[in-house]
1. Quick one: in the range 204-221, which of the residues that are at pLDDT 75 or above and either open to solvent by 40 Å² or more (accessible area, probe 1.4 Å) or in contact with a helix residue (DSSP H, G or I) (Cβ under 8 Å, 6 or more places away or on another chain) (or both) is nearest to Ile273 (Cα to Cα)?
2. Looking only at the range 324-353, which residues are open to solvent by less than 70 Å² (accessible area, probe 1.4 Å), hydroxyl-bearing (Ser, Thr, Tyr) and not in a helix (DSSP H, G or I)?
3. Residues that are modelled with pLDDT under 60 and either open to solvent by 40 Å² or more (accessible area, probe 1.4 Å) or within 15 Å of Val193 (Cα to Cα) (or both): does the range 240-252 have at least one?
4. Are any of the residues in the range 47-61 under 18 Å from Pro113 (Cβ atoms), over 25 Å from the mean Cα position of the chain (by Cα), open to solvent by 40 Å² or more (accessible area, probe 1.4 Å) and among the aliphatic types (A, V, I, L, M)?
5. Pick from the range 354-368 the residues that are surrounded by 15 or more Cβ atoms within 10 Å (Cβ to Cβ) and in a helix (DSSP H, G or I): which of them is modelled with the lowest pLDDT?
6. So for the range 90-111 (the condition being assigned to a helix (DSSP H, G or I), in contact with a Leu (Cβ under 8 Å, 6 or more places away or on another chain) and on the phi < 0 side of the Ramachandran plot), does at least one residue qualify?
7. Consider Gln201 carefully, then state whether it is over 20 Å from His5 (Cα atoms), at pLDDT below 90 and open to solvent by 60 Å² or more (accessible area, probe 1.4 Å).
8. Out of the residues in the range 180-190 that are within 20 Å of the chain's Cα centre (by Cα) and under 28 Å from Ser247 (Cβ atoms), state the one that is modelled with the highest pLDDT.
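The values are calculated or read from the model by the stated rules, or taken from the named source; none is laboratory data. Bear in mind the structure is a predicted one, so any value in this text is a computation, not a measurement. Glycine gets a Cβ as well: all are built from the backbone with ideal geometry, and neighbour counts include every protein chain shown. Ligands, DNA and RNA are stripped out before the accessible areas are found, and what is left, the full protein with its side chains, is counted by its heavy atoms. Shrake-Rupley method; radii C 1.70, N 1.55, O 1.52, S 1.80 Å.
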Amino acid sequence: MREEHARLLGHLYEGVLQPEAWLSALDGLRAGTDSGVFHHVAWDHHAQCVLGGLANDAPPPEKVLEYEQHHAPHDPRIPLVMTLPVGGLLLDHHHFSARDMSRNAIYADWLEPLGYRHTLGMPVYDDGEVREWVCLIRERDQQPFGDAAQQWLHQLMPDLVRASRLRVHMARTAAQAALGFAALDTLPQALAVVSATGRVQHLNPAAQRSLAAPQVPGSHPELRVRHGCIEASDAAAQAVLQTRIASATGQRGRAVQGATVRLPQETGSAHGISHVHVLPLAATHVLALACHAQPYALLVWAANADAVLHAEQLAMLLGLTDTEARLALALARGQTVKDFAAAQGCTWHTARTHSRNLLRKTGLHRQADLAGLVQSLLPLCR
């Protein structure tokens, strides 16, 4: 029994990242309570409808879909499960008599024809927007869920709730990271996500093209990827680059913001990379979370001297809001905070608040440093 319990817990936490393991965990809940069906439901608070569901193979998939799309909004159990705290248990025979069930369409027209009757609902997650619960359903000739099943579920509940919360968090992080990498791939700047040792985790297309530019015979590229790591061909510049990456990833104390590495250019080089800006990616940044939640460095260099940095691109690079990114670009063009406030139609105090937030997020202390940071990303900004 302890081995089965440990195996189920393992599936729960493996299921945070692996859908197959999550299905195995839900099936373990079904088997452990002698149920015939598990149904994991995500419910939209505002739309009052099912966002999605997972069920085992016992009920026909089309019948599960029929319930989610048509019957769920009229299910008398849902108002009850919505009032329960996360981690609570709802047993239908505590609220509905046999006569009530025989007169209700959910039981009489959907569950009974499929050979099922008694249900148990468990809210496992709620963020005010979405509530998730797991429903366990027993076959028609079985008894209602008794004390043994309830006690067993209560023992598992802390881990079930914790794993559910982590699963939702990681799913959202993965979606944000996918959008983030997609956004990076559209940028005209060359960007590389690297580890503390310079090992490449991601190169956007602009970086790939820049590093793959054909060379004039006898010349050497300013930057290259060697043995999976990005490095400068000049030994002195490489030493500085390694130091800046180590600082940005917190290998030498607290992560430092906005360091520029100058690269000596060789006559005849096709790359023309004059400098690389090294920015920290904290372990909590969505791009770092997509790479095993470790601190990384973001290397940025101008792959196209005529490219233009837009506010939404700068927001993605530095983790800013759209307004903060627009302010940063305005400062880089030589405008003042008062100029920005007038252009945006906001008060000077509001613009000052954006300015303070901007400096805090970039780790800088002066507007001049911020302007220099933005200007170093691309020669032209608007």
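1. Going through the range 204-221, the residues at pLDDT 75 or above turn out to be 204-212, 221.
From the residues that got through so far, the ones that are either open to solvent by 40 Å² or more (accessible area, probe 1.4 Å) or in contact with a helix residue (DSSP H, G or I) (Cβ under 8 Å, 6 or more places away or on another chain) (or both) too are 204-205, 208-209, 212, 221.
On the way: Asn204: 16, Pro205: 16, Gln208: 13, Arg209: 13, Ala212: 13, Pro221: 8 Å.
Once the filter is applied, the top-ranked residue is Pro221.
2. Thr336
3. As a first pass, look at the range 240-252 and keep what is modelled with pLDDT under 60: 252.
In the following step, the residues that additionally are either open to solvent by 40 Å² or more (accessible area, probe 1.4 Å) or within 15 Å of Val193 (Cα to Cα) (or both) were identified as 252.
Among the residues of the range 240-252, at least one is modelled with pLDDT under 60 and either open to solvent by 40 Å² or more (accessible area, probe 1.4 Å) or within 15 Å of Val193 (Cα to Cα) (or both), which makes the answer yes.
4. yes
5. Of the residues in the range 354-368, the ones surrounded by 15 or more Cβ atoms within 10 Å (Cβ to Cβ) are 354-355, 357-359, 361-364, 367.
This time we only want the ones that are in a helix (DSSP H, G or I), so: 354-355, 357-359, 361-362, 367.
Working: His354: 89, Ser355: 89, Asn357: 86, Leu358: 84, Leu359: 83, Lys361: 78, Thr362: 72, Gln367: 84.
Of everything passing the filter in the range 354-368, Thr362 is modelled with the lowest pLDDT.
6. Going residue by residue through the range 90-111, those that are assigned to a helix (DSSP H, G or I) are 92-94, 98-103, 105-111.
Adding the requirement that they be in contact with a Leu (Cβ under 8 Å, 6 or more places away or on another chain) leaves 92.
Filter once more, keeping what is on the phi < 0 side of the Ramachandran plot: 92.
Yes: one or more hits.
7. Details: over 20 Å from His5 (Cα atoms): yes; at pLDDT below 90: yes; open to solvent by 60 Å² or more (accessible area, probe 1.4 Å): yes.
Taking the combined requirement at face value, the residue satisfies it.
8. Filtering the range 180-190 down to residues within 20 Å of the chain's Cα centre (by Cα) leaves 180-186.
From what is left, the residues that are under 28 Å from Ser247 (Cβ atoms) are 180-181, 183-185.
Values: Gly180: 64, Phe181: 68, Ala183: 66, Leu184: 69, Asp185: 75.
Ranking the qualifying residues of the range 180-190, first place goes to Asp185.
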